[in-house]
Amino acid sequence: MKNKQIKIRPAIETDYESINLLFKESYRLYQKVLPEVLKKSPKTIISRGTFLNTLEDKDWQILVAEINNKPVGMIQAGIEEEIGNDFKRPNRRIEIEEICVHKKFNRQGIGRALIAEIENGLKQRG
């Protein structure tokens, strides 16, 4: 990226509208690929309640990528646990629920930076 500083930070309550717009952009791409499965883009992709619950969940995190204090990308990921059984050992892994970068900022390393930051943050949590 030339002359653009990416800042990645945890999402906060006031990011809701920006994150919903990024979710909508992502949903439109899914809808293009799967028109027989997905309906036209709804007004709200992630409810405010779901967003706020995710912010409070210790095993999940939403990060925002900003350039010049403007949100241009986001990632939602968390730690998933499988309890083991007679055949399989218990397992913990990072699950990326959603990642989106505004199309004007594609191919500038933002997605890669979001993934690296989410990995580091969730690994520190165990």
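Residue 89 meets the conditions (1) modelled with pLDDT of 80 or more; (2) part of a strand (DSSP E or B) in every case but one. The failed one is (2). Out of 37, 64, report the one residue that is at pLDDT 80 or above and not in a helix (DSSP H, G or I). Residue meeting the stated conditions: 64. Under the condition of being at pLDDT below 90, among the hydrophobic types (A, V, I, L, M, F, W, C) and either on the phi > 0 side of the Ramachandran plot or assigned to a loop (DSSP other than H, G, I, E, B) (or both), the residues counted in segment 1-34 number 2.
For segment 19-39, filtering for residues that are among the polar types (S, T, N, Q) and farther than 20 Å from residue 109 by Cα leaves 2. Of the residues making up segment 53-87, those that are polar (S, T, N, Q), closer than 28 Å to residue 108 by Cβ and surrounded by 11 or more Cβ atoms within 10 Å (Cβ to Cβ) number 3.
Can you name the residue in segment 1-41 that is acidic (Asp, Glu) and farther than 16 Å from residue 118 by Cβ and is also surrounded by the most Cβ atoms within 10 Å (Cβ to Cβ) among such residues? Selected residue: 25.
The values are calculated or read from the model by the stated rules, or taken from the named source; none is laboratory data. Small disclaimer: the values here were computed from a predicted structure and weren't measured. Quick reminder, even Gly has a Cβ in these numbers, built from the backbone with ideal geometry, and neighbours come from all protein chains shown.
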